[in-house]
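Heads up: the structure comes next, in structure tokens.
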Amino acid sequence: MNPIFRFTLLFNLILAGLGFIDGIAIPLNEKRCLSVSSTAILQNLNIKREEQLETIRLDVKAEGAAYTVQMVIDGILLDIHVDTGSSQLWAAHKSCENCVSGKMTVIDTEIPDDCSDQVKIQYATGSVSGCLVNTTISLGQHTLESYPLLVATDISAEIAANGDIYSGTFGLASDSLTNSGSPPVLSQLYKDNKIGSPEVSFYLPRQTASEFAQSGMFIGDPARTQYADITNFAVLSRAGNNDGLYAVKMDSISVDGKAITFDQVAVLDTGSAGIGYPSSLSGSMMPAIYGELEAEAGGAKVSCTASSDDLSLRFQFEGKNFPVRYENLVSKPDGDGKCWALVGTYQSDSEDKWILGNAFLHNVYHSINIDSGEVKIFALND
């Protein structure tokens with residue numbers, strides 16, 4: 001398995017919340033502007049459209065730093081981290097001391113005596129090791145028998161620190177990243193005709209605003225949801241080498257209307273809390289967004305409010321602009337009244353690859369195609 005580029009920030013420095021979900025439905029034919037009459041029709045159809053997408057509940061954790069889904073693995077109900085930046089499904093095992101001390105819910109699946117360290121996943125931050133065991137897993141109404149699960153018998157301290165948030169990882173990237181060589185869970189369900197579409201979309205608010213705006217994962221046409229603005233979207237093919245990630249070409253990034261860089265590659269990753277940019281831009285990016293910085297262990301402290309009311313970080317794809325609000329670029333205030341920056345550099349061999357984690361994804365509705373790698377990004381429908 002290739003290393004997963006990841007920019008994980010402050011999971012344990014932000015208070016946990018929780019969420020729920022819902023679905024919706026409008027066919028997407030082409031880019032178009034809606035007339036007043038068609039807009040009224042769509043508004044009247046909102047309730048009926050909700051019944052046309054399969055929806056899977058997601059819970060908001062650590063104020064939007066992570067999202068989890070409930071899965072039943074070998075008869076045990078677990079909160080599992082939803083991660084489009086990896087593929088292998090893993091779950092904590094009762095033999096894993098760091099899992100238990102980290103307060104993870106553990107499974108008691110029978111494992112071979114030599115299970116430890118047969119398989120290892122090395123993330124950019126932390127690692128998981130154990131062995132592959134075929135077992136029964138359930139996601140929503142769907143069940144897979146004899147699915148190859150990575151049973152975690154050891155996890156690093158970085159992973160264990162998030163034990164009160166999740167007890168495993170549910171990967172949605174491509175087959176090429178699984179340790180087992182088998183399709184990821186949703187890909188397997190699609191190949192088995194248990195789900196009807198390869199398109200999986202996400203509404204990822206930082207917190208649940210109301211029972212009508214609840215975080216979730218939706219299977220089917222992403223335009224069939226109340227959250228997607230079908231007048232403002234970009235359809236993006238997978239870019240670069242086929243490393244299994246959802247990487248797409250990005251036109252430009254600008255701050256306060258001034259372009260910082262052009263012709264970049266963005267990896268959309270629900271498993272990352274913040275926004276990571278290549279180190280080649282380290283001199284200009286942070287001051288442009290935050291102004292004054294205070295470097296501290298683990299990151300940078302910044303002002304909790306923008307320097308100007310109209311300050312925005314904008315990402316452009318296929319000529320469409322998607323702004324990120326400043327409030328989503330910082331953590332909640334710390335004890336000193338400062339906030340942690342949720343944007344920063346990460347180590348990569350690439351000079352043009354960005355990681356767009358949840359700090360970006362809070363501001364859009366997006367979909368991935370688990371078969372082709374295509375990504376769709378929609379502005380949020382206010």
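Accessible area per residue of the range 273-382 at 1.4 Å probe, in Å²?
Here the per-residue accessible area is 41 Å².
Taking R0 as 22 Å, what's the FRET efficiency between Asp349 and Asn321 from their Cβ-Cβ distance, rounded to 0.05?
0.15
Pairs to check: Lys61/Lys249; Lys320/Lys353; Lys194/Lys320. Give those whose C-alpha atoms are more than 24 Å from each other in this structure.
From the list (Lys61/Lys249; Lys320/Lys353; Lys194/Lys320), the Cα-Cα distance tops 24 Å for Lys61/Lys249; Lys194/Lys320.
Using a/c under 1.5 as the rounded threshold, could you call the range 59-176 rounded, prolate or oblate? The axes a ≥ b ≥ c are square roots of the C-alpha gyration tensor eigenvalues, and prolate needs a/b larger than b/c, oblate otherwise.
Cα axes put the range 59-176 in the rounded bin.
Assuming a ≥ b ≥ c are the square roots of the Cα gyration tensor eigenvalues, decide whether the range 97-151 counts as rounded (a/c under 1.5), prolate (otherwise, with a/b larger than b/c) or oblate.
It comes out prolate by the Cα gyration axes.
Tally Lys/Arg at +1 and Asp/Glu at -1 over every other residue whose Cβ is under 10 Å from the Cβ of Tyr166; what's the total?
Net charge in that neighbourhood comes out at -3.
Treat each spin label as a single point 7 Å out from the Cα along the C-beta direction, and report the Thr231 to Cys304 distance in nm.
A separation of 3.6 nm, rounded to one decimal place.
So which lysines can Lys120 reach, going by Cα to Cα under 23 Å and dropping same-chain residues fewer than 8 places off?
List returned: Lys94, Lys103.
How far apart, in nm, are the 7 Å Cα→Cβ label points at Ala157 and Asp256?
4.0
Rounded, prolate or oblate for the range 113-206? Axes are the square roots of the Cα gyration tensor eigenvalues, ordered a ≥ b ≥ c, and the cut-off for rounded is a/c under 1.5.
Because a/c hits 1.5 or more and a/b fails to exceed b/c, the range 113-206 counts as oblate.
Give me the percent of accessible area attributable to carbon and sulfur for the range 107-258, probe 1.4 angstrom.
41
The values are calculated or read from the model by the stated rules, or taken from the named source; none is laboratory data. What you see is a predicted model; the values in this text were computed from it and never measured. As a convention, Cβ positions derive from the backbone with ideal geometry for all residues, glycine included, and neighbour counts pool all protein chains shown. The protein model used for the area step is the full one, side chains on, heavy atoms only, and it has no ligands, DNA or RNA in it. Shrake-Rupley method; radii C 1.70, N 1.55, O 1.52, S 1.80 Å.
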